[in-house]
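One structure is given here, and the rest of the page talks about it.
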Amino acid sequence: MKIRQLGKNGFNIGEIGLGCWQFGGDFGHMKEDTAFAIMTTAVANGVSFFDTADVYGTGRSEELIGRFLKTCPGRVTVATKFGRGDDVYPGNYSEEMLRRKIEGSLKRLGVDSLDLIQLHCVPTEVLRRAEIFDWLRRCKEEGLIKHFGASVETIEEGLLCLEQDGLLSLQVIFNIFRQKIAPALFPEAKAKGAGIIVRLPLASGLLSGKFSKNTTFAKTDHRNYNRDGQHFNVGETFAGLPFEKGIELTETIKQLLPGNMSMAELALRWILDHEGVSVIIPGASSPEQAKGNAAISDIAPLSGKLHRALADFYRQSVHDHIRGPY
C-alpha cells in the first residue's frame, strides 16, 4: 500500500481507505461478523484510514469501529463527522450541540480524542457564517479533537471551507462521472495545505460494472429510497445520475477498458492518478472486496491516452445528466 499525506500537518495514511457507511445499515443490514472481517482484511492489506459518521446507523458504524480498534494490531486513523442528525440539521447548529455530538463519538469509538472530525454537508449558509469553525478550533485547543475538516457537496462550499485557518481536509464526491471538481478545487486545496478525501469513488456501485437496469436494492438501501434525492442530496446516490442512464454510461466506459482491468480497478486507479487526492474511501460489502480495493494501490497509472478519452467522455456524454448541487 502506497502512503500519502492527508493535509500539510496531518496524517500519513494508505492511499486506499475504508468507507464505513455500510456498517450502519444504509445499504441493507450488515452482520457484525461481516463488518469485523472487512475491517480485519482491510488493515491486513495496508488500509490505515477509516471514514464514518455519527449518523451511520445512528452510531452503529462508530460502535463497530470502536470495538474493532480495541483488538486492531496496527494504527488506524479514524475520521468521523458531525452535522446531519435530525436534531441538528438543517438549523440547530450550536457549540453546545457540537460538543455533545463529539462526546458521543468519543464514547462510541472508545478514544480520548477524535483523529479527525468533519462537518457533514452542513448548509452553505452555516459555512458562510463561519462561527462553526471557531467552535471546532476551541475543541481542538481543548484536545477533544486532533484535527477538523469538512465534507462538502459543491465547489462553492469547498472554497468557503478553504478560507478557514486550521482546516486539515475536504471530503468530496469525485469519480469518472463527477470530474468538474478537480480543476476547480484541487489546486486551491493544495495551496492551502488541505488534503482531499474522495467519497463515492464507484458512484454507489455503478462504476463496479456489476449492475444492470434490472438490479434492485433493499428498501433500507439509499440506492432505493434516495434514487431521485427524496431524502438527501441526489448527488450522494449514483453520483447524481438517473440509475438507468448510469447503467448506459457504464457500458460505454467498458469499451475503453484495458484488457487486464476490471471496471472497479479502472475507476479507482483513475482517481489515484490525480496528484491532489490524499485518500479514497470505497466501501466494502465483503472481505474479498476490501482486499480487492486495497490492491488498486499496486496497479500502474493509466495511460495519458485513456485519461484524455475519459475526460472527453465526461464532457460530451456525462456532464449534462448530473443532478443535484455540484
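Among residues of the range 170-191 that are under 13 Å from GLY158 (Cα atoms) and in contact (Cβ under 8 Å) with a residue 40 or more places away in the chain, those with a beta-carbon under 6 Å from a residue that is of a type in the set (Ser, Thr, Tyr) and not in a helix (DSSP H, G or I) at least six positions away or on a different chain give the pairs GLN171/SER151. Whenever a residue of the range 282-301 is assigned to a helix (DSSP H, G or I), its partners that are among the hydroxyl-bearing types (Ser, Thr, Tyr), lying with C-beta atoms within less than 7 angstrom and at least six residues away or across chains, give the pairs PRO287/THR41; ALA290/THR41; LYS291/THR41.
So that you can scan it fast, the table gives a plain yes or no per residue for (1) more than 20 Å from the chain's Cα centre (by Cα); (2) within 18 Å of ILE280 (Cα to Cα); (3) among the acidic types (Asp, Glu):
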position	(1), (2), (3)
ASP51	no, yes, yes
GLU63	no, no, yes
LYS70	yes, no, no
ARG99	yes, no, no
GLU103	yes, no, yes
LEU106	yes, no, no
GLU131	yes, no, yes
GLU142	yes, no, yes
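Just to be sure before I move on: is ALA309 within 30 Å of LYS31 (Cα to Cα) and either hydroxyl-bearing (Ser, Thr, Tyr) or part of a helix (DSSP H, G or I) (or both) in the structure I sent? Spelling it out, it is not the case that ALA309 is within 30 Å of LYS31 (Cα to Cα) and either hydroxyl-bearing (Ser, Thr, Tyr) or part of a helix (DSSP H, G or I) (or both). Report the residue count in the range 271-318 for those that are farther than 28 Å from ASN9 by Cβ, of a type outside the set (Gly, Ala, Ser) and surrounded by 14 or more Cβ atoms within 10 Å (Cβ to Cβ). So the count comes out to 11. Contact annotation: residue pairs with Cβ atoms under 6 Å, 6 or more positions apart or on different chains, pairing a residue in the range 73-91 that is under 17 Å from HIS147 (Cα atoms) and touching a residue at least 12 places away in the same chain (Cβ under 8 Å) with a partner that is acidic (Asp, Glu) and outside any loop (DSSP other than H, G, I, E, B), are ALA79/ASP51.
Every residue, every condition in (1) modelled with pLDDT under 95; (2) over 16 Å from ILE16 (Cβ atoms); (3) not hydroxyl-bearing (Ser, Thr, Tyr), yes or no:
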| position | (1), (2), (3) |
| --- | --- |
| PHE238 | no, yes, yes |
| THR250 | no, yes, no |
| ILE281 | no, no, yes |
| ALA284 | no, no, yes |
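The values are calculated or read from the model by the stated rules, or taken from the named source; none is laboratory data. Values in this document were obtained by computation on a predicted structure and should not be read as measured data. Quick reminder, even Gly has a Cβ in these numbers, built from the backbone with ideal geometry, and neighbours come from all protein chains shown.
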